[in-house]
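Accompanying notes for the structure given below.
All of the numbers you see were taken from the coordinates with simple rules; none came from a lab. Predicted model, so just to flag it, every value in this text is computed and none were measured. Here Cβ is always computed from backbone atoms with ideal geometry, including for glycine, and neighbour counts include all displayed protein chains.
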Amino acid sequence: MSAATRLTCVCSVCFSLAACGGSGGGGSDRVQIQKMFSSVDAEMAKGDYASACNYFSQRQQSNIATGARKAGLNVNSCAGALTALIKATGITRTQLAQTFGGAATPKLKTVSVHGNRATVTFTDSIGGHPYTETDALVRENGQWRADRIIRRTNNG
């Protein structure tokens, strides 16, 4: 299995463990949400999983750790789960940097804000494989956090 394929699988697993189971929005919310997505990519590219996890809701962080434990990994935190998943798949720091640091920032298509909840649809790619995703976000302690993936569609 190629490194890109392994990394795509890891990324999907990370977010799926946490997640599976219209346009508009204020300009400042849109800017904050765009920054959140950019920051997650930057932290993942650096291999700073603790910082990346700070952009996930408390529920999503818990779900990531729980999902990793169900997969047989001995972890007790979101950062520990990401570290274990990356290590288990043999992804290198260079591969992480190429995947998350070399790609363009996720392109927001729609942002719909309803109080402390938002729905965001964006396009991005992992390992050169484009996709469109719709995520639910929540505002915790005044900051937007990724809460769960609603839908992901591969674009080719």
- Task: First select every other residue whose beta carbon is under 14 angstrom from the beta carbon of ASN155; then total the charges, Lys and Arg +1, Asp and Glu -1.
- Result: +2
- Of VAL113, MET44, SER77, farthest towards positive along the dipole that unit charges on Lys, Arg, Asp, Glu beta carbons give the range 31-140: SER77
- Message: Pairs on different chains or at least eight residues apart, Cα atoms closer than 21 Å: how many lysine pairs in the range 27-156 fit?
- Response: 6
- At LYS107 and GLN58, where each label point lies 7 Å from the Cα along Cα→Cβ, what is the point-to-point distance in nanometres? 3.7 nm
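Rounded to the nearest 20 debye, what is the charge dipole size of the range 101-151 about its Cα centre when +1 sits on each Lys and Arg Cβ and -1 on each Asp and Glu Cβ?
Magnitude of the dipole: close to 120 debye.
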- For the range 103-156, convex hull volume per residue from C-alpha positions, Å³: 78 Å³
- In nm, spacing of pseudo-spin labels at ASN76 and SER51 (7 Å Cα→C-beta vector): 2.6 nm
